[in-house]
Structures are given as C-alpha cells and as structure tokens.
Amino acid sequence: MNETNRILTHFAPAERVPIEVVQRQADSFKQTPLATTLLNSVLNCVFVLNAQRQIVFASRNVEALTEGKTAESLIGLRPGEALGCIHSHLTEAGCGTSEFCRECGAVKAILSSLGGERDVQECHMTRLIRCDEESLDLLVLATPLTHNDEPFSLVSVSDISHEKRRRALERIFFHDVINLAGGADGMLETLKTDAPSDLRGDLEMSHAAVHELLEEVQTQRDLAAAEREELPVSPVPVNSLEALREVISAYQNHPVAEGKWIWMDDNAAPMDFTTDRTLLKRVLGNLIKNALEACQEGQTVTVGCGQEQNQVTFSVHNPSVMPRDVQLQVFKRSFTTKGVGRGLGTYSVKLISEKYLGGAAGFRSVEGQGTTFEIKLPA
C-alpha cells in the first residue's frame, strides 16, 4: 500500500474506501438527527470527512458553494472534487494528491485534524464553473471527530472571497489616494507661501480642503487597520495640553466650525505622558468634530484635559443633549444620526482609545448640562 501511495500521490494519502463503506458511514450520521440538525443550522458550509477524506455528510447550504449540487450527490467525493477545484482531477487519485495540493490550506487543515489536531487554514482555490475559471478564497476550520469509534474530520468552510477583494482594493485605494492627496497638500503648502497676496486666500482655502481630504482618508485607513487588528502603535512622549491645542487649531477653521466656538477649559492642566500622538489626535479630532456638528450657530464646544489618579483625561463638551435612544447606541458601529454612510466617529473613538491606546472612552448627556465625551489614558 505504501508503494501504491508513492506512485499515486504527491502529497496526501491516495487510497479511498468503497462507496458501500462510505454509504454505511453516511447512514450512521443520519441516525443521529440532533447532530445533523445542528450541522444544518450553522451559517458556514459543513462537511464530515472519513479517514480517507471522503465526504460522508454535507450540510444543506453547500448547494450555494457547489453551484447547485445537492448534499446527497457529494457523498464519497473529496472536498476539492465537490467544489470543482481544477487540480482535483490532475491525478487518478483525485483531490489532495497532485503536486499543487502541497500548498492547499484545506488539505493541510484536514490532514491535521485527522491526526488529532484542530487546524484553521486559508484555501485559495481556482475552480471550473460552466467552462469558466473562478477564484475562491476560503477559510477552512477542521476539527477531529470520533463517531462509532471511527475517526472523522468535521470541516467548516466559509467563503471569504469578498473580504479578500475588499482588503486588496482598500490597500490600493488608500495607497494611491494618500500619495495623490499628500503630493497636492505639499504643493499647495509651497504655492500659498510664495503666491501673490491676491491669490493667497484662494490657495489657503484649496490647501485646507486638500488637507482635510488627506486627514479623512488617513483616518479611514487607520480605522480599517484597527478593525483588522493591524494598526501599528508608536508611543512617544506627549504633553496633553499641547496635543489638545494642536487639534483645536486644526478645527477652528474647519467648515463644520463656521459660526461656532471652540474654547479651552480654564482648568485644563498639562500632563506629560507616553502614547501614540497621531492616534490620540485622531480620537480628539473625532470628538471635537462630532461636538461641533451637534452645536447650533453661536454655541461653544469646550475642551479640557487633566489628571485623575494614574490617568490622563480629555473631555469634549457641547451644550446639546442626546435623546435616550441615541445614547443607547452611540458607540455601535455604523449607528448614526447624520445620514447614510456616516456613523464611525464615536465607534472609532472607543475602538482606538481602548484597544490601541489602552484607555477607556465614555460619555454623559444630561438635560440642562449638555453632553460630555471623555477619554482616560494611562499616565
């Protein structure tokens, strides 16, 4: 048998059991209705494979991933054959035995589980669908399973193709737009310095608009990285009052501040501490911008900083009060009172403050007192 394996396979064992044996194993799973009901109720596609990697059970939702093949029709096949992988028919022994299969995350995860180890791998598959090639990115979780004293692999498959494409497009978009906006920002900075006085006002407005665009794109890039747990943190010495003044200065001439005031609290006290300066300013900028948007013309946003025990505190206050239904959802992702496509401001404040700066974010909104958002960071 070992000699046969060396001839027939470039990677995983080649042998299969007869279809009669597979059918017996499949029937034994059908006799445990609770298990099959549970497996059919999960969102991901689920396969149960025998020791030879042949399918003995497939959840009903595999039809969506296999272009309409029924779960029953997959019994006895291997996963690559069920999904239409272009490499599953390169050898007589089928899925898992070609040279290409050495790099297949699905086969690796399944072999690990049949060896007694739970494993998660990504599988980048090219398959043939109606004479056209299609690329699939799958996340495969394989878990050891024993049934009637026989070893099996419980395989959960989720299609992450859209997520992979979105991330690739995000990287390209952020890279290109930041380069273009950064170049325009630098050019306008130079031009407005040397421009005649009659053009300087227009150039300053153009520079402010491009700079705001650059800041917004960088903020969205950082938020996307934060959600993927890929956001780099670069701690440096920071003075709380200086950082706050820089953010106030950036927003005093912002369009959202027109007709409104930003005031530094008289009791604001400077504190020297270590944190990521850029991320801190992003958080404070979001809070100030949100507060300005909540204000009516002529109203004032008050900002402050100080120390509370072993923490540095920052506060941003506006005189408006949030309705209770808004308060209950204020830190939720995509919740917004500002229209479709908004709603990441306070969510990103909490995410970055707590997960990356090691602090805490909170708020209070009281009738007659207004709304105050506060972040506390390690001193």
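Taking the conditions exactly as written (assigned by TED's automatic domain parsing to the domain that holds Ile86, under 19 Å from Gln54 (Cβ atoms), out of contact with any Gly (no Cβ under 9 Å at 6 or more places or on another chain) and assigned to a strand (DSSP E or B)), does Thr146 satisfy them or not? The answer is yes for Thr146. Evaluated against (1) surrounded by fewer than 13 Cβ atoms within 10 Å (Cβ to Cβ); (2) modelled with pLDDT of 95 or more; (3) of a type outside the set (Asp, Glu), Gln121 falls short on exactly one condition, (1). Only one of the listed residues (Glu134, Glu117, Glu99, Glu103) is touching a Pro at 6+ places or on another chain (Cβ under 8 Å) and acidic (Asp, Glu). That residue is Glu117.
Can you name the residue in the stretch 256-291 that is free of Cβ contacts under 8 Å to residues at least 40 places away in the same chain and in a helix (DSSP H, G or I) and, of all such residues, is surrounded by the fewest Cβ atoms within 10 Å (Cβ to Cβ)? Working first, answer last.
First, the residues of the stretch 256-291 that are free of Cβ contacts under 8 Å to residues at least 40 places away in the same chain: 256-259, 266-270, 272, 274, 281.
When the remaining residues are screened for being in a helix (DSSP H, G or I), the result is 256-257, 281.
Details: Val256: 14, Ala257: 18, Lys281: 17.
Applying the filter and picking the extreme gives Val256.
Residues that are touching a helix residue (DSSP H, G or I) at 6+ places or on another chain (Cβ under 9 Å), touching a residue at least 24 places away in the same chain (Cβ under 8 Å) and of a type in the set (D, E, K, R) are absent from the stretch 191-208. Taken over the stretch 124-138, the criterion of being within 28 Å of the chain's Cα centre (by Cα) and not charged (D, E, K, R) is satisfied by His124, Met125, Thr126, Ser135, Leu136, Leu138. Scanning the stretch 227-247 for residues that are crowded, with 17+ Cβ neighbours inside 10 Å, in contact with a helix residue (DSSP H, G or I) (Cβ under 7 Å, 6 or more places away or on another chain) and part of a helix (DSSP H, G or I) yields Ala243, Leu244, Val247. What number of residues within the stretch 115-172 are in contact (Cβ under 8 Å) with a residue 40 or more places away in the chain and closer than 27 Å to Gln220 by Cβ? The total comes to 4.
Does at least one position in the stretch 122-133 carry a residue that is touching a helix residue (DSSP H, G or I) at 6+ places or on another chain (Cβ under 7 Å) and in a loop (DSSP other than H, G, I, E, B)? No, because not a single residue in the stretch 122-133 is touching a helix residue (DSSP H, G or I) at 6+ places or on another chain (Cβ under 7 Å) and in a loop (DSSP other than H, G, I, E, B). If only residues of the stretch 128-159 that are in contact with a Lys or Arg (Cβ under 9 Å, 6 or more places away or on another chain) and charged (D, E, K, R) are counted, the one that is modelled with the highest pLDDT is Asp137. Tell me, yes or no, whether the stretch 190-203 has at least one residue that is within 30 Å of His87 (Cβ to Cβ) and either surrounded by 13 or more Cβ atoms within 10 Å (Cβ to Cβ) or among the β-branched types (Val, Ile, Thr) (or both). No, the stretch 190-203 contains no residue that is within 30 Å of His87 (Cβ to Cβ) and either surrounded by 13 or more Cβ atoms within 10 Å (Cβ to Cβ) or among the β-branched types (Val, Ile, Thr) (or both).
Out of the stretch 130-182, which residues are β-branched (Val, Ile, Thr) and in contact with a Phe, Trp or Tyr (Cβ under 8 Å, 6 or more places away or on another chain)?
Narrowing the stretch 130-182 to residues β-branched (Val, Ile, Thr): 140, 143, 146, 155, 157, 160, 172, 177-178.
Correct list: Thr146, Val155, Val157.
When Phe47, Phe11 are checked against the criterion of being touching a residue at least 12 places away in the same chain (Cβ under 8 Å) and either exposed (fewer than 12 other Cβ atoms within 10 Å of the Cβ) or within 14 Å of Val155 (Cβ to Cβ) (or both), a single residue qualifies: Phe47.
The values are calculated or read from the model by the stated rules, or taken from the named source; none is laboratory data. Not measured: the values here are computed from a predicted model. In this analysis, Cβ positions are derived from the backbone assuming ideal geometry, glycine residues included, and neighbour counts consider all displayed protein chains.
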